[in-house]
Amino acid sequence: MPLVTSTKMFQKAYDGGYAIGAFNVNNMEIVQGITEAARDLEAPLILQVSKGARAYANHTYLMKLVEAAVEETGLPICLHLDHGDSFETCKSCIDGGFTSVMIDASSKPFEENIALTRQVVEYAHDRGVVVEAELGTLAGIEDDVKVSAEESSYTHPEEVEEFVSRTGCDSLAIAIGTSHGAYKFKPGTKPQLRFDVLEEVSRRLPKFPIVLHGASSVPQEFVSKINQYGGNMPGAIGVPEDQLRKAASMAVCKINIDSDLRLAMTASVREYLALHPADFDPRQYLKPGRQAIHDMVAHKIVDVLGCDHKI
Ligand code: G3H
Ligand code: 13P
Ligand code: ZN
C-alpha cells in the first residue's frame, strides 16, 4: 500500500467520534516503535516530520524509513510535515513524497496567514497533497521558536469560516489551551482546555477536521523515572488524557504527540544504562527505548484516541 493522505481517515474519525494519532519521527527506533503498535492495534496512523527532524536525520533517510514501515506493516500511513514555516519547506516535502503538509503561519497577521496558506494549498492540491493550517498561537517550544504563555492566544472562532473558505485548507489546528513541550502548565495549577472554543469552531465549520497540537500528557511516572536514573527535570504537567479523549469524541480528528514519546524513550534508556553500567552496545539500550515508544503509542491509540481497529 502506498502512503495515503489523511482525507478518508479524518472523515471516518469525525463520524466515528475518535481521532488519529500524529506522532513525530526522528530515527529508526521511533518509526518502528510507533508503526508496530499501530499494526498490532489495526490503527490508522499519521507520522509527522518537523523541520528539526529533517535537519537531524535528513529527508531521504526519514522518507525511506517510513516507506520501509509501510512495506513491513501494510498500514495506511499518512506522512506529514509538522510546522512547515515557509512555502519552500512545504514545497520541498510535497516534491519529496509527503502526502500532507502543515503550513504554520499562525504567528503572522491574519491576512498574511491566509496568503501564505493559500499559496501552499494551491501547490499541494495540484499534486494530490493535503494541507493543515493554524489559527491561534500555542505556547511552548517548536524547533527553535519559543512562545511564552503571555504571547499565546486562543483561536477566535469568528475568524475560522473566512480563513477556511479563503485558504481552502483541509484541516485546521486551533489553540484551546494546549502547548508544546513537557512544561505546559505551572505545577499546582489545574489544566482545563477551552471546550467552548472548540464547540464554537465546530459549529461554524460543520464536519471540518480540527487538529490539536501540544497534546502530550507528560505522565509523572516517566518524569520520576528520568529523575530517579540521573535526570534533573523540574515539575512538569501535561494535558489530562480524559480531556483529550473528550476532544477526540468531538471535532478533533488529529492529535499531535511528541513529548510523551521522548519521555518514554529517555526514561527507559536511562534506566537500562543505570542498571547495566558496563554495557556499551547501542542495540541493547535502544531496544527498551523502542519498546517504550511502542507501549506509549499503544496506550494512546486505545485509551486516548480511540482509533484501534479502525482501518
Ligand atoms: O511541535 C513540535 C514537535 O514536538 C517537534 O519538535 O521541532 O524539536 O522536532 P522538534
Ligand atoms: P507535544 O510537545 O505536546 O508532544 O506536542 C507535539 C506537537 O504538537 C507536534 O506538532
Ligand atoms: Zn505542534
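Each value in this text was obtained by applying a stated rule to the coordinates, not by laboratory testing. These figures come from a predicted structure and were not determined experimentally. In this analysis, Cβ positions are derived from the backbone assuming ideal geometry, glycine residues included, and neighbour counts consider all displayed protein chains.
Report ³J(HN,Hα) in whole Hz for each residue of region 240-254, in order, from the Karplus equation J = 6.51 cos²θ - 1.76 cosθ + 1.60 where θ = phi - 60°; Gly and Pro get x.
Each residue's phi maps through the Karplus curve to give x, 5, 5, 6, 5, 4, 5, 4, 5, 7, 9, 7, 6, 10, 9 Hz.
Give the long-range amide H neighbours of Ala173: residues separated by 5 or more places, or on another chain, with amide H under 5 Å away, using H modelled in the peptide plane at 1.01 Å from N.
Excluding prolines and chain starts, which carry no amide H, the hits are Ala133, Glu134, Leu135, Val211.
Can you compute the helix-only [θ] at 222 nm over the chain? Use -39500 (n - 2.57) per DSSP H run of at least 4 residues, normalise by all residues, nearest 500 deg cm²/dmol. Provide the component values of the computation, followed by the final result.
On the way: 12 runs with 142 residues, N = 311.
The helix contribution divided over the chain gives -14000 deg cm²/dmol.
Please find the FRET efficiency linking Lys186 to Met233, where r is the Cβ-Cβ separation and R0 is fixed at 25 Å, and quote it to the nearest 0.05.
Once rounded, the FRET efficiency stands at 0.95.
I'd like to know which of Ala105, Phe195, Asn227 lies farthest towards the positive end of the charge dipole of the chain, counting +1 on Cβ of Lys and Arg and -1 on Cβ of Asp and Glu.
The residue sitting farthest along the positive end of the dipole is Asn227.
Nearest-5 percent of antiparallel DSSP beta bridges in the chain? Intermediate values should be presented prior to the final figure.
Values: 4 of 34 bridges.
So the antiparallel bridges amount to about 10 percent of the total.
For region 266-311, what does the alpha-carbon gyration tensor say about shape, rounded, prolate or oblate, given a ≥ b ≥ c as the root eigenvalues, a/c under 1.5 as rounded, and a/b over b/c as prolate? Write down the numbers at each step before the final one.
Values: a/c = 6.22, a/b = 3.05, b/c = 2.04.
Note, shape of region 266-311 comes out prolate.
Quick check on packing: order 131-137, 202-208, 241-247, 264-270 by the mean number of other C-beta atoms within 10 Å, highest mean leading. Intermediate results must be reported in sequence, preceding the final value.
Details: 131-137: 24.6, 202-208: 14.6, 241-247: 17.9, 264-270: 22.4.
With the highest mean Cβ count within 10 Å placed first, the list reads 131-137, 264-270, 241-247, 202-208.
For the pairs Lys8/Lys207; Lys8/Lys254; Lys51/Lys91; Lys12/Lys51; Lys108/Lys300, note any where the Cα-Cα span goes beyond 21 Å. Intermediate values should be presented prior to the final figure.
Numbers: Lys8/Lys207 13 Å; Lys8/Lys254 12 Å; Lys51/Lys91 13 Å; Lys12/Lys51 29 Å; Lys108/Lys300 32 Å.
In this structure, Lys12/Lys51; Lys108/Lys300 lie more than 21 Å apart at Cα.
Could you tell me the center-to-center distance, by alpha carbons, between region 62-107 and region 271-311 in angstrom?
Using only Cα atoms to place each centre, the spacing works out to 23 Å.
Under a crude label model (7 Å from the Cα following the beta-carbon direction), how far is Gln284 from Tyr61 in nanometres?
Modelled inter-label distance: 2.4 nm.
Mind giving me the FRET efficiency for Ala274 and His156? R0 is 41 Å, r the Cβ-Cβ distance, nearest 0.05 is fine. Mind showing how you got there, number by number?
Details: r = 48 Å, r/R0 = 1.18.
Efficiency, from the Cβ-Cβ distance: 0.25.
Find the relative contact order for region 106-262 and round it to a whole percent, using C-alpha pairs within less than 8 Å whose residues are 6+ positions apart.
Values: 263 pairs, mean separation 34.2, N = 157.
That works out to 22 percent.
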